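The values are calculated or read from the model by the stated rules, or taken from the named source; none is laboratory data. Computed from a prediction, not measured in an experiment: that's the story for all the values here. Neighbour counts run over all protein chains shown; Cβ positions are idealised from the backbone, glycine included.
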Amino acid sequence: EKIIKEELTEARPTYGWLGEESDPVAGQDPTRRWIVDPLDGTTNFLHGLPHWAVSIALEHKGQIIAGVVFDACKDELFITEKGKGAWMNDRRIRVSDRHRMTESVYATGLPFAGRSDLPATLRDLAQLLPACAGVRRWGAASLDLAYVAAGRYDGFWERGLKLWDIAGGLIIAREAGALIEGIAKGTKPEESGNVICATEVQFEQFSKLIRSS
């Protein structure tokens, strides 16, 4: 995080900063700030599991306008700017066009270390597993969102996330055609930390199932 902060501050010295490993900084320009998770998937990294990422987002007047998620192990760079679509390396990406949940794969995070949202997640799984082709838990929310953008997953949901966990991935998924809301109707994941993300063709049925649990 120290290296990323130094580089971004040199490039845009007036912007604010929100990072996982350091104190927030209010920039001279109050309308813009970087939102950074220098290592999303820390437990994977520590255990030698090759699934983790660097996530960087740029916020302007409360709206995320650009995002980067870099999977160094696979050399996959997911990148977007608002209104310009989503890309992986030099290839345009788009969400899947699968209609049937029974043919679809979804991703989530499983609460650990006594987190209070475990019962809700177990109820979600009890509802979803009989209705789909599978659920994956790979431990990096930024990549889960990027994988929805790339059509690898058909949806993603999770509770209790921090803004730096999801900021970069949210705009990448949106620019690839995903619909995203908070788990509670009328809420925003950027504020609540609770996310439902799915393709346009599946969002209604997927969100209804998660919310019904």
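Table: residues versus (1) small (Gly, Ala, Ser); (2) surrounded by 14 or more Cβ atoms within 10 Å (Cβ to Cβ); (3) in the same structural domain as ILE172 (by TED's automatic domain parsing); (4) modelled with pLDDT of 95 or more.
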| site | (1), (2), (3), (4) |
| --- | --- |
| TYR15 | no, yes, no, yes |
| VAL25 | no, yes, no, no |
| ARG32 | no, yes, no, yes |
| GLY83 | yes, no, no, yes |
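Looking at region 101-122 only, could you name the residues that are of a type outside the set (Asp, Glu) and either within 20 Å of PHE203 (Cβ to Cβ) or crowded, with 16+ Cβ neighbours inside 10 Å (or both)?
MET101, THR102, SER104, VAL105, TYR106, ALA107, THR108, GLY109, PRO111, ALA120, THR121
Of a type in the set (A, V, I, L, M) and in contact (Cβ under 8 Å) with a residue 24 or more places away in the chain: is that true of ALA113 in this structure?
no
What do you reckon, is PRO130 at pLDDT below 95 and either under 14 Å from the mean Cα position of the chain (by Cα) or not polar (S, T, N, Q) (or both)?
no
Answer yes if at least one residue in region 143-166 is outside any strand (DSSP E or B), loosely packed, with under 15 Cβ neighbours inside 10 Å, among the hydrophobic types (A, V, I, L, M, F, W, C) and not assigned by TED's automatic domain parsing to the domain that holds TRP52, and no otherwise.
No; the residues of region 143-166 include none that is outside any strand (DSSP E or B), loosely packed, with under 15 Cβ neighbours inside 10 Å, among the hydrophobic types (A, V, I, L, M, F, W, C) and not assigned by TED's automatic domain parsing to the domain that holds TRP52.
Just checking, which of ASP117, ASP144 is of a type in the set (Asp, Glu), in contact with a Gly (Cβ under 6 Å, 6 or more places away or on another chain) and under 25 Å from HIS47 (Cα atoms)?
Checking each option against the conditions leaves just ASP117.
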